Structure formats: structure tokens, C-alpha cells
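> There's a structure below that I have some questions on.
The values are calculated or read from the model by the stated rules, or taken from the named source; none is laboratory data. Remember, predicted model here, so these are calculated numbers, not experimental data. As a convention, Cβ positions derive from the backbone with ideal geometry for all residues, glycine included, and neighbour counts pool all protein chains shown. We work out accessible area using only protein heavy atoms, side chains counted, and drop any ligands, DNA or RNA first. Shrake-Rupley method; radii C 1.70, N 1.55, O 1.52, S 1.80 Å.
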Amino acid sequence: NAGVTQTPKFQVLKTGQSMTLQCAQDMNHEYMSWYRQDPGMGLRLIHYSVGAGITDQGEVPNGYNVSRSTTEDFPLRLLSAAPSQTSVYFCASSYSRGAGYEQYFGPGTRLTVT
Amino acid sequence: SQQGEEDPQALSIQEGENATMNCSYKTSINNLQWYRQNSGRGLVHLILIRSNEREKHSGRLRVTLDTSKKSSSLLITASRAADTASYFCATLDFGNEKLTFGTGTRLTIIP
């Protein structure tokens with residue numbers, strides 16, 4: 001199994017540009033989530049999904065959209081990038097319909113918005 | 001808002017010594033998890049302890065949970081250079097599907 005994969009690894013955007021961060025898992029996990037990690041802030045939840053077709057907001061959802069059309073994929077869309085969205089983004093998945101189990105993390109996407 | 005607060009923020013010890021880090025949280029929880037993050041990498045799950053458990057072991061790791069004090073500790077025994085990493089606690093509230101992470105403890109093992 002490849003586990004949780006994220007693309008791209010690095011990305012530089014100009015303010016106002018849009019892009020999609022890709023996340024895929026091959027473990028047939030129901031639960032998937034997106035976090036951002038900023039220095040000194042730990043990880044903050046952006047959006048999560050408990051299964052295909054179901055998404056919900058986390059702690060910091062503004063400026064981000066998600067959809068979950070398949071069990072495997074959970075892309076994160078930045079609608080109009082802002083410098084405040086400069087961060088490292090992690091996708092995670094878990095085998096059951098909930099966050100109360102071991103989370104498997106991807107390697108992250110480092111995003112810089114200029 | 002951050003649910004978990006790790007203490008200390010940074011810890012340096014000699015190889016072979018034990019390392020203890022603590023996590024405090026604010027609300028009633030379903031479970032608490034500990035993760036390790038090596039520099040520039042994704043997080044790796046270490047151990048999960050449920051609210052009705054008081055202590056759990058996994059290899060050189062020992063986790064305790066005191067729900068009355070809303071706190072948990074992670075003990076790493078006989079530390080190794082490879083244990084150098086950041087360690088995060090994460091809590092899951094009852095009736096909630098959101099895992100909330102703390103700000104982490106940066107552990108450095110000196111060879």
C-alpha cells in the first residue's frame with residue numbers, strides 16, 4: 001500500500017491564484033481530513049469527511065473548499081490564495097467513520113503564497 | 001482553538017535517559033492520542049488511550065491519563081538519537097469527529 005499520498009510536495013502561488021491540493025489513500029479508509037501546520041500553532045483542522053459525499057468544517061475552514069466524490073480522494077481547494085495561507089498542509093485518513101482511531105498522515109504539501 | 005497544551009515546549013536530554021512530556025486539555029474527551037513528527041515529515045501515530053483507561057504501554061512508551069486533572073503524560077524510556085522529533089497530543093471530544101492537536105514538545109536526544 002502507498003498509504004496516504006499528497007501532491008504537490010511544494011507549491012508557490014501568487015496572491016489571488018487558486019489551486020487544488022491532492023490527497024489520496026489506498027487503504028479504503030472512511031475518514032479523511034485536512035490540517036494546516038504553522039510554527040508554534042500545532043495542527044489545525046480545516047475540513048474533514050466521514051465518508052464519500054459527506055464533508056464538514058473544522059476549526060479554520062475559511063478560504064478552503066473540499067469535496068469527497070470517492071472514498072480514495074479528498075482534494076483541498078484554495079479559492080483565492082492569500083499570504084495568510086502560507087503553511088504546511090497535511091492530509092490524514094482513518095479506517096473507521098470517525099476521528100477516534102489511529103490517523104495516517106501524508107507527507108505534506110509546503111505552500112508559499114507571495 | 002487549541003485543546004491540548006504540551007509541556008515543556010522543548011526538552012533536551014542525554015541518550016539513554018528517560019523523557020517525559022505532558023499534555024493538558026480543557027474539555028471531557030473520548031480518547032487522547034500521541035503522535036511523533038520528524039523534521040519535515042508527516043505525523044506518525046504512537047499510542048491511543050481511551051477515557052476509561054489510566055495507563056497504556058507500547059514498547060518503550062508509557063502513556064498515562066488522568067481525566068480528573070485533564071492531563072496525560074508520555075514517557076519514553078532509554079531514549080535513542082532516533083527519538084529526536086516533535087511530539088503532539090491530540091484529543092477527541094465526545095460526540096465530535098474533530099481531532100484537536102496541541103502545540104507539541106520538541107525533543108532532542110544528545111548522543
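> Assuming a viscosity of 0.890 mPa s and a temperature of 25 °C, what translational diffusion coefficient in µm² per second does Stokes-Einstein assign to chain B, Rh being the Kirkwood radius over Cα pairs?
On the way: Rh = 13.9 Å.
Diffusion coefficient, whole number: 176 µm²/s.
> Grab the eigenvalues of the alpha-carbon gyration tensor for chain A, scale each by 5, take roots, and send me the semi-axes largest first in whole angstrom. The partial results should precede the final answer.
Working: eigenvalues 100, 36, 36 Å².
Square roots of five times the eigenvalues give 22, 13, 13 Å.
> Counting only heavy atoms of the protein chains, get the accessible area per residue of chain A (1.4 Å probe) and round it to a whole Å² value. Intermediate values should be presented prior to the final figure.
Working: 5020 Å² over 114 residues.
For chain A, the per-residue accessible area is 44 Å².
> Moving on. What's the total accessible area buried between chains A and B, using a 1.4 Å probe, rounded to the nearest 100 Å²? Write out the running numbers ahead of the final one.
Details: alone 5850 and 6010 Å², together 10200 Å².
Approximately 1700 Å², summed over both chains.
> Could you check the simple spin-label distance between B:ARG80 and B:ARG41, using points 7 Å along Cα→Cβ, in nm with one decimal?
Each label point is offset 7 Å from its Cα along the Cβ direction, giving 1.2 nm.
> Now, a different point. Of the trypsin sites (Lys or Arg not before Pro) in region A:12-114, which ones lie in a loop per DSSP and count no more than 10 other C-beta atoms within 10 Å? Don't skip to the end; give the middle numbers.
On the way: sites: A:LYS14, A:ARG36, A:ARG44, A:ARG68, A:ARG77, A:ARG97, A:ARG110; in loops: A:LYS14, A:ARG68, A:ARG97.
Those satisfying the criteria are A:LYS14.
> Where only protein heavy atoms count, and the probe is 1.4 Å, what is the accessible area per residue for region B:40-111 in Å²?
Details: 3290 Å² over 72 residues.
Averaged over the residues of region B:40-111, the accessible area is 46 Å².
> Sticking with the crude label model, points 7 Å out along Cα→Cβ, report the distance from A:SER67 to A:ALA2 in nm, one decimal please.
Rounded to a tenth, the inter-label distance reads 2.1 nm.
> Roughly what would the spin-label model give for A:LEU79 and A:ALA52, points 7 Å off Cα along C-beta, in nm?
The modelled label-to-label distance comes out at 2.7 nm.
> Right, something else. Note every residue of region B:73-108 with a reduction of at least 50 square angstrom in accessible area, all protein chains present versus the isolated chain, computed with a 1.4 Å probe, or write none.
B:GLU97, B:LYS98, B:LEU99, B:PHE101
> Got a number for carbon plus sulfur as a percent of the protein assembly as shown's accessible area, 1.4 Å probe?
Numbers: 4780 of 10200 Å².
Carbon and sulfur: 47 percent of the exposed surface of the protein assembly as shown.
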